[in-house]
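Following: one structure in structure tokens, then a few remarks.
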Amino acid sequence: MTMQEITQYLDNKINDDENIVKITFYEVRIKFNLSEEQTQEFLRLCKTRLENLGYQVYFTGAKYQYEEQNKVVQTNELMVAIKENIN
């Protein structure tokens, strides 16, 4: 995927819900048909962009808090990003 495609993908995710962005295994590996190596690069680029936009990024198995609840990034989720300082 190109950087422009990644930016558009993330912008669409943010437009759906600006407080939380979830990137699933299905989207990346099946829908986009990315290899393991391509997936790692895709996630690295997404992480950088989301952090620059003020998101805290978590990967599969990591614990995080959202809406005052403790949660874990599920095995079918490759990344979850939470907007910092949501009111």
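Key figures for this structure:
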item: Qualifying residue in segment 17-36 (condition: farther than 19 Å from Ile82 by Cβ and polar (S, T, N, Q)); result: yes
item: Matching residues, segment 23-43, being open to solvent by 80 Å² or more (accessible area, probe 1.4 Å) and either within 20 Å of Tyr66 (Cβ to Cβ) or not charged (D, E, K, R) (or both); result: Phe25, Tyr26, Ile30, Asn33, Gln38, Gln40
item: Sole exception among (1) surrounded by 17 or more Cβ atoms within 10 Å (Cβ to Cβ); (2) closer than 21 Å to Met3 by Cα for Val73, by number; result: (2)
item: In segment 44-66, the residues that are under 9 Å from Met79 (Cα atoms) and open to solvent by 60 Å² or more (accessible area, probe 1.4 Å); result: Lys47, Phe59, Thr60
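The values are calculated or read from the model by the stated rules, or taken from the named source; none is laboratory data. All values derive from a computational prediction rather than experimental measurement. FYI the Cβ positions are ideal-geometry reconstructions off the backbone, even for glycines, and counts take in every protein chain you see. Surface areas here come from the heavy atoms of the whole protein model, side chains and all, with no ligands, DNA or RNA. Shrake-Rupley method; radii C 1.70, N 1.55, O 1.52, S 1.80 Å.
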